[in-house]
Amino acid sequence: MTGEDAGLAPLACKGVVKKFGERTVVDGVSLAAHAGTIHAVLGPSGSGKTTLLRILNLLETADAGSVSFAGAQVGLRPRQRRLDDAQRSARLKSALVLQKPVVFNTTVRENAEFGLRMRDEVPGEMASKVDAALARLGLSGLADERAWRLSGGEQQRLAFARACVLDLTVLLLDEFTANLDHANVTILEKAVRDFAAEGKAGVLLVTHDLFQARRLADEVTLLVDGAVVESAPKAEFFDSPKDERTARFVSGDAPM
Amino acid sequence: MAETILLDIAALSLFISGAGTLLAAAVGVPLGSWLGARDFRGQRILKALLYSLYGLPPVLLGLLLYLSLSRTGPLGSLRWLYTVHGMILAQFLLTLPFILGLTWSAVASVERPIRDTAKTLGAEGRRYLATLVKEAKLGVLGAVMVGFGRAISEVGAVIIVGGNIQGETEVLTTAIVKETQQGDFATAVGLGLILLAISILVFASLTLLQERGRK
């Protein structure tokens, strides 16, 4: 399941290239997310993972290649100010959770409601969805707190609740448990697994953490220096890697 | 000076400064946040121009407005010279650069992760702007406070445009000038104390509002 058979995948990209000045950060990447599965994009820091996610979430323009959402071309064009219709529907069906916890300067509940409000959700529906999402992330008791009073782990759980409460087809996670303690990592990883198990959305998980990929992923892609080294189902990726660099990375050595 | 006259003068001061500031906020806050939400060519030049207006001497603005509003001037047909309308216009023009520029800076300082998160959750257009303004609300409120501070303490422009006509366009600052020139220092000091009290009251309540927004 790579970019080649991406046909009607909720989210796929083909040959994506991104340069910052002379440096090529993303170098011809093709990959896809599939409903109900977790796809881990693994790689050392500085391997272009975050930039790739930003391109997939239409926050950044690619220099070459394409991004498609349910078959429609949606990649952001240079100097584009407003999203077109296809891009807008892709945006509304996907969400990105950043590495550093980001909360708005409102209450926990209002934070969790943010995306639903942008989708003009009716108040009754919104309340029950938000209650459920906050409960799932263990935040029910904090609903009326100001979000910035929360600990880093709680804030990241809120950021996750705020995304997964939406009716998504793709959830993008950028090192979403980096710097968190074990308890928070456990809660968040379970939430991701549950979210994927609902089967409605695919999860694209960017991480440098080999063990997290092993715990969560159905499919793993190794990215080194912005290029795909190997992409395979988890068992194959970890147990019988084809590329020598994958073998070295999996065994804990540097991939290059 | 009778107490009722004093109260009238104080009320007119508040009204003119308040109206000028509110009008400037009605223009400056939306426009400033629109500018702060984007990167565009020439924004540095525009900002430098705007900042240079921070130093615009009110007396000079008053003179230019006087010439524009006088009978033969381009705005002469409004007949706003020596009227409250003219004074509100002066206050509007004096405070607009501050409110616009400071709102611009406040919204521009909302960090990229917040902007990205708002976008990724589906905020677009006006709702995206509203989100940024909400995140920058302390700074935006501060911008309006600075505007009001400039308006309420201003004397040069309103005295030229308003003419300091007793019972019509006389405000606290211009009355202080008049009483001082006439040697009635007790009244001048009294007026000054009222002006100070109004400033403290308005700023204290706005600061409390700001503090509440922080929590």
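The values are calculated or read from the model by the stated rules, or taken from the named source; none is laboratory data. In this text the structure is predicted, and so the values were computed from the model without any measurement. When we count neighbours, we look across all protein chains shown, and the Cβ atoms used for this are built from the backbone with ideal geometry, even at glycine. We work out accessible area using only protein heavy atoms, side chains counted, and drop any ligands, DNA or RNA first. Shrake-Rupley method; radii C 1.70, N 1.55, O 1.52, S 1.80 Å.
Entry remark, the stretch A:52-68: residues being surrounded by fewer than 21 Cβ atoms within 10 Å (Cβ to Cβ), assigned to a loop (DSSP other than H, G, I, E, B) and either within 13 Å of another protein chain (Cβ to nearest Cβ) or of a type in the set (A, V, I, L, M) (or both) number 2 in total.
Entry remark, the stretch A:63-80: residues being farther than 30 Å from A:LEU158 by Cβ and either touching a Gly at 6+ places or on another chain (Cβ under 6 Å) or of a type in the set (Lys, Arg) (or both) number 4 in total. Within the stretch A:84-131, the set of residues being surrounded by 23 or more Cβ atoms within 10 Å (Cβ to Cβ), in contact with a strand residue (DSSP E or B) (Cβ under 6 Å, 6 or more places away or on another chain) and more than 10 Å from every other protein chain (Cβ to nearest Cβ) comprises A:ALA90 only. Of all residues in the stretch A:178-201, exactly one satisfies the criterion of being open to solvent by less than 60 Å² (accessible area, probe 1.4 Å), out of contact with any Gly (no Cβ under 6 Å at 6 or more places or on another chain), part of a loop (DSSP other than H, G, I, E, B) and over 22 Å from A:PRO44 (Cα atoms), namely A:ALA201.
Can you go through A:THR186, A:THR177, A:THR246 and tell me which one is in contact with a helix residue (DSSP H, G or I) (Cβ under 6 Å, 6 or more places away or on another chain) and among the hydroxyl-bearing types (Ser, Thr, Tyr)? Just one listed residue meets the conditions, A:THR177.
Let me confirm something: among B:ARG38, B:ARG71, B:ARG44, B:ARG79, which residue is open to solvent by 30 Å² or more (accessible area, probe 1.4 Å), within 14 Å of chain A (Cβ to nearest Cβ) and out of contact with any helix residue (DSSP H, G or I) (no Cβ under 6 Å at 6 or more places or on another chain)?
On the way: B:ARG71 fails: within 14 Å of chain A (Cβ to nearest Cβ); B:ARG44 fails: within 14 Å of chain A (Cβ to nearest Cβ); B:ARG79 fails: within 14 Å of chain A (Cβ to nearest Cβ).
The match here is B:ARG38.
Can you name the residue in the stretch A:1-15 that is farther than 20 Å from B:THR120 by Cα and modelled with pLDDT of 95 or more and is also farthest from the chain's Cα centre (by Cα) among such residues? Going through the qualifying residues, I end up with A:GLY15. Scanning the stretch B:103-132 for residues that are in a helix (DSSP H, G or I), buried (at least 22 other Cβ atoms within 10 Å of the Cβ) and either without any contact (Cβ under 8 Å) to a residue 40 or more places away in the chain or away from chain A (no Cβ under 11 Å) (or both) turns up B:THR103, B:TRP104, B:ALA106, B:VAL107, B:THR117, B:ALA118, B:THR120, B:THR131. Per the listing B:GLY167, B:GLY183, B:GLY163, B:GLY190, the residue uniquely at pLDDT below 95, on the phi > 0 side of the Ramachandran plot and more than 14 Å from every other protein chain (Cβ to nearest Cβ) is B:GLY167. Inspection of the stretch A:69-83 identifies no residue that is open to solvent by 50 Å² or more (accessible area, probe 1.4 Å), within 11 Å of another protein chain (Cβ to nearest Cβ) and part of a helix (DSSP H, G or I).
Note on the stretch A:25-51: among residues that are farther than 19 Å from A:GLN99 by Cβ and of a type outside the set (A, V, I, L, M), the one that is most open to solvent (accessible area, probe 1.4 Å) is A:ASP27. Do you know which of the residues in the stretch A:146-171 that are crowded, with 16+ Cβ neighbours inside 10 Å and farther than 24 Å from A:ALA197 by Cβ is farthest from the other protein chains (Cβ to nearest Cβ)? Across the stretch A:146-171, the extreme among qualifying residues is A:LEU150. When restricted to residues that are over 21 Å from B:ARG126 (Cβ atoms) and over 22 Å from the mean Cα position of the chain (by Cα), the stretch A:80-107 contains 1. Selection within the stretch B:82-96: residues that are in a helix (DSSP H, G or I) and open to solvent by 10 Å² or more (accessible area, probe 1.4 Å). The member of this set that is farthest from B:ASN164 (Cα to Cα) is B:LEU96. Candidates are the residues of the stretch A:214-230 that are within 17 Å of A:LEU172 (Cα to Cα) and not in a helix (DSSP H, G or I); the one that is most open to solvent (accessible area, probe 1.4 Å) is A:ASP218.
Of all the criteria given as (1) aromatic (Phe, Trp, Tyr); (2) free of Cβ contacts under 8 Å to residues at least 24 places away in the same chain; (3) open to solvent by less than 20 Å² (accessible area, probe 1.4 Å), the one not satisfied by A:PHE211 is (3).
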